[in-house]
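Asks: Here it is, the structure in full.
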Amino acid sequence: IYTKVENRFVVEFCKDLDGTNKKAIDLAGGEGRNSVWLAKRGWQVENIDFSQVALDKYIQFAKEEGVEAKTLATCADGLTFIPQLSPVELAVIAYMQIPQKDLEVAIRRLSGHVAPGGNLVGVWHSRDNLEGGFGGPRDPQVLPNVETITQALAGTGLEIEVLENRDGQIQTKEGLKPSVTLVLLAKRPL
């Protein structure tokens with residue numbers, strides 16, 4: 001069962017940020033669970049995803065939640081997107097599980113749209129999940145770790161505040177199972 005519940009790590013890193021009159025990009029935001037949550041907290045949010053089907057569901061979800069005026073949808077590839085909102089005070093990239101070189105391009109491109117004082121929040125199935133967790137892709141090429149994300153952020157001007165594995169959970173047919181989640185909080189200095 002797919003539920004439209006915002007990601008708990010996105011909530012952890014964004015719940016205390018004031019979104020009033022501020023802009024956010026949710027890259028690879030899919031059906032918009034994080035985008036809509038941010039819009040409900042005052043952010044003007046642009047969900048950029050390559051799937052128009054997912055974006056149509058996002059637009060419908062935003063309407064149902066009464067935040068349609070706070071949301072934008074851009075159908076674009078994560079490597080070549082040109083946002084409608086830029087620069088932004090918040091950029092979110094959650095579960096964009098693509099090959100490392102492509103992920104680096106996407107992170108660097110997204111980082112370039114983060115305003116001074118702005119934040120970049122990332123959440124991924126960690127490569128370390130292959131050894132001790134359930135769920136997520138089983139291909140190490142699409143599973144980042146602390147080293148690959150550090151490399152991706154090198155030279156972007158963003159300062160890493162948090163980059164670590166966290167204990168997560170994934171719903172399976174047998175119930176909740178442990179997973180290893182890589183989380184990132186980076187900030188562009190003022």
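Asks: Leaving ligands, DNA and RNA out of it, rank 174, 131, 64, 12 by accessible area with a 1.4 Å probe, largest first.
Replies: Of 174, 131, 64, 12, the descending order of accessible area is 131, 174, 64, 12.
Asks: Let me ask something else about it. Hey, which aspartates and glutamates would be in cross-link range of residue 23, C-alpha to C-alpha under 19 Å, not counting anything within fewer than 8 residues on its own chain?
Replies: Within the straight-line limit of under 19 Å, residue 23 reaches these aspartates and glutamates: 6, 12, 31, 46, 49, 65, 68, 89.
Asks: Shifting gears a bit: Show the residues, 5+ positions off or on another chain, whose built amide H is closer than 5 Å to the amide H of residue 91.
Replies: Amide H to amide H, under 5 Å and 5 or more residues apart or across chains, residue 91 pairs with 25, 119, 120, 121.
Asks: Find the centroid of the Cα atoms in segment 1-60 and in segment 109-126, then give the distance between the two in whole Å.
Replies: Distance between centres, Cα-based: 14 Å.
Asks: Of the heavy-atom accessible surface of segment 30-72 (probe 1.4 angstrom), what whole percent is carbon and sulfur?
Replies: Carbon-and-sulfur percentage of accessible area, whole number: 49.
Asks: Going by the alpha-carbon gyration tensor, a ≥ b ≥ c the square roots of its eigenvalues, is segment 1-109 rounded (a/c under 1.5) or, if a/c is not under 1.5, prolate (a/b greater than b/c) versus oblate?
Replies: rounded
Asks: Under a 5 Å amide H to amide H cut-off, with H placed in plane at 1.01 Å, what residues pair with residue 170 once short-range neighbours are removed?
Replies: Answer set, sorted by chain and number: 177, 179.
Asks: Cut-off 16 Å, label point 7 angstrom out along Cα-to-Cβ of residue 171: give me the residues of segment 127-148 whose amide nitrogen falls inside.
Replies: Once the point is set 7 Å along Cα→Cβ of residue 171, 135-136 turn out to lie under 16 Å by backbone N, inside segment 127-148.
Asks: Once R0 is set to 30 Å, what does the formula 1/(1 + (r/R0)^6) return for the Cβ-Cβ distance between residue 63 and residue 11, expressed as a FRET efficiency to the nearest 0.05?
Replies: That gives a FRET efficiency of 0.85.
Asks: Right, something else. Read phi for every residue in segment 173-182 and hand back ³J(HN,Hα) as whole Hz from Karplus 6.51 cos²θ - 1.76 cosθ + 1.60, θ = phi - 60°, with x for Gly and Pro.
Replies: Each residue of segment 173-182 in turn: 4, 8, x, 5, 10, x, 9, 10, 10, 8 Hz.
Asks: I need the peptides 31-39, 95-103 ranked by packing, meaning the mean over residues of other C-beta atoms within 10 angstrom, with the highest value on top.
Replies: Ranking the peptides 31-39, 95-103 by packing returns 31-39, 95-103.
Asks: Rounded to the nearest 0.05, what FRET efficiency is calculated for residue 138 and residue 51 with R0 set to 22 Å and r the Cβ-Cβ distance?
Replies: My answer for the efficiency is 0.50.
Asks: Cα-based Rg (one decimal) and Dmax (whole number) for the chain, in Å?
Replies: Cα-based Rg and Dmax for the chain come out at 15.6, 47 Å.
Asks: With a probe of 1.4 Å, find how much accessible area the chain has per residue, and write the answer as a whole number in Å².
Replies: With the other protein chains kept in place, the chain gives 48 Å² per residue.
Asks: What is the mean projected area of the alpha carbon convex hull for segment 74-136, to one decimal in square nanometres?
Replies: Seen from a random direction, the Cα hull of segment 74-136 projects 5.0 nm² on average.
Asks: Report the full-extension gain for the segment residue 77 to residue 164: residue separation times 0.36 nm, less the Cα-Cα distance, to one decimal in nm.
Replies: 28.6 nm
The values are calculated or read from the model by the stated rules, or taken from the named source; none is laboratory data. Not measured: the values here are computed from a predicted model. A quick note on method: Cβ atoms are made from the backbone with ideal geometry, for glycine too, and the neighbour counts reach across all protein chains shown. For the accessible areas, the whole protein counts, side chains as well, though only heavy atoms, and no ligand, DNA or RNA atoms are used. Shrake-Rupley method; radii C 1.70, N 1.55, O 1.52, S 1.80 Å.
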